[in-house]
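Here's the structure we're looking at; comments come further down.
What follows draws every value from the coordinates through simple rules; no lab data is involved. Just so you know, these numbers come straight off a predicted model, no measurement behind them. Cβ: placed from backbone, ideal geometry, glycine included. Neighbour counts: every protein chain shown.
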Amino acid sequence: MIDIGSLNVNGSYKSIFDPERFDYTGVDMEPGEGVDLVLQTPYQLPFEDASMELVISGQMLEHNKFFWLSFEEIFRILRPGGLCFMIAPSRGEIHRYPLDCYRFYPDAYVAMAEHTDSILIDCWLDTDGTWGDLTGVFFKPDGTDVVPFDTSSLDTIGGPSVQFMEAAYRAEIYLKQRDKARQALERREAEVADLKKELIRLEASLIKN
């Protein structure tokens, strides 16, 4: 998994992820606490296509001049069935690191999903906090049935403060369901392979007789 914008300025998400379950790599534009890899550009991630299961990024988008290019890169490196968790402010004072370009509303996440042919599967807006953090969970399609976020609720999306672990819990449910389906498919493929071997054996036996 990759954490984009991982430099510990006002906290880090690293402690959320059990190192026995997640291979965490933090990337940012400068070295420091929480950074495992320093990027040369925010618009090109040094990872292979479809190589990541999970990408997270908190409070990065507003500082990214051409954020849509970085978002495209996220979905290039995500495997089909992979998840992206994104948090960005919907309000708040100017805070340059080194730029402060944008604020985001729920419709922005809908547009970002459409732009990358991904699926927005959940979205929350913190209506209480100073920054009005907007959290989105995006899914890279893999052919399985996934229920998109109901955009009709965008006018009433507010609620209590966003809890990142709630999103992680929901993601774990999606991952378990997907893994279960993959395991069933692998078993079925193994059964088909065994049947093919048996068919070949029977055909060879008939030829001999």
Legend entry - Cα gyration tensor, region 1-92 - rounded (a/c under 1.5), prolate or oblate: rounded
Legend entry - Sites ASP145 and ALA193, calculated FRET efficiency, Cβ-Cβ separation with R0 22 Å, nearest 0.05: 0.25
Inset, instruction - Enumerate the helices in the chain for which the Kyte-Doolittle hydropathy averages -0.5 or more and the C-alpha atoms extend at least 15 Å along the helix's axis, using complete DSSP H runs. - result: 67-77
Inset, instruction - May I ask for the distance between the Cα centers of region 55-132 and region 191-209, given as a whole number of Å? - result: 55 Å
Inset, instruction - Just check region 1-44 against the gyration tensor rule for me: Cα atoms, a ≥ b ≥ c as the square roots of the eigenvalues, rounded for a/c under 1.5, and otherwise prolate or oblate depending on whether a/b exceeds b/c. - result: oblate
Inset, instruction - Quick one: compute the contact order of the chain, relative version, from alpha carbon pairs under 8 angstrom and 6+ residues apart, as a percent. - result: 15 percent
Inset, instruction - Could you check what % of the DSSP bridge pairs in the chain are antiparallel, to the nearest 5? - result: 45 percent
Legend entry - Separation in nanometres of the label points that stand 7 Å from Cα toward Cβ, at THR127 and TRP68: 3.0 nm
Legend entry - Compactness of the chain, expressed as Rg and Dmax over alpha-carbon positions, Å: 21.3, 86
Inset, instruction - Could you pull out the pairs from LYS140/LYS197; LYS140/LYS180; LYS14/LYS176; LYS65/LYS180 whose alpha carbons sit more than 29 Å apart here? - result: LYS140/LYS197; LYS65/LYS180
